Amino acid sequence: MLERAVGGSVKSFAKKNLLTPLGMKSKFSEDGGSNMFMFAFWETSCRDLAKLVQLYLQNGKWNNKQILSAEFVNDARTSSSALNQNYGLLWWLNRAGTTKSTSANAQTRIGPRHQNAPLDMFEAVGACGQSAMGFPTQNLIITFMRTKTLFGALSCGSDSQTSALNKMGSRVFELVK
């Protein structure tokens, strides 16, 4: 369906209309049928993730050219579900409201995802604590990366590493609030 909408390969469309204009060197992984994974397995760098967040901070503009419509960017940073009010379109939000965890224990809580962070913050979250965060009021971007995936094998490090990453995130939120 997406290939019909873009008139060809999704991978070619993404490269032409997103990666190349932003100067990103990221690569999308594919399944055995050459179908692009769009939900995970993106080979990228902190710098390229920061460019993507910057595009959203600039309401879809890059070098004075509208790459994404401002309406889409606004929709992406707006709650998309009454069941999980802290999720937009591919971005986690930090709004007051109901948050349902996507983890195995599926916790539900009321309030922002990150208590110490600004309420206009938005974030993409990947495996093992990888994150790309945008802080519109502060015009700030923060990215974290720490692991590699190889042929589906994922090593996330120890619990102490995860705990250290969470503590670092909490300190950052205190500084930017």
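Between the alpha-carbon centres of segment 1-22 and segment 28-92 there is a gap of 14 Å.
Peptide packing for 108-118, 51-61 was compared via the average number of neighbouring C-beta atoms within 10 Å per residue; ordered from the highest value, the list is 51-61, 108-118. For residue 62, the amide hydrogen comes within under 5 Å of the amide hydrogens of 67, counting only partners 5 or more places away or on other chains and with H modelled in the peptide plane. Remark: spin-label model distance residue 13-residue 83 equals 2.6 nm, labels positioned 7 Å along the Cα→Cβ axis. Between amide H atoms placed 1.01 Å from N, distances below 5 Å from residue 77 occur with 89, all of them 5 or more places distant or on a separate chain.
Less than 5 angstrom separates the built amide H of residue 140 from those of 135, all sequence-distant by 5 or more or on a different chain. Along segment 87-98 the Karplus relation, 6.51 cos²θ - 1.76 cosθ + 1.60 evaluated at θ = phi - 60°, assigns HN-Hα couplings of 10, x, 9, 6, 10, 7, 10, 10, 8, 6, x, 7 Hz to successive residues, with x for each Gly and Pro.
Shape verdict for segment 40-91, please, from the Cα gyration tensor: rounded (a/c under 1.5), prolate (a/b greater than b/c) or oblate. Oblate shape, in that a/c is at least 1.5 and b/c is the bigger or equal ratio.
The string of couplings for segment 59-66 from the Karplus curve (6.51, -1.76, 1.60, θ = phi - 60°) is 6, x, 9, 9, 6, 6, 10, 7 Hz, one whole number per residue in order, with x for Gly and Pro.
Computed from the coordinates by the stated procedures, all read-outs in this text should not be read as laboratory data. This is a predicted model, so every value here is computed, not measured. All Cβ positions, glycine included, derive from the backbone under ideal geometry; neighbour counts span all protein chains shown.
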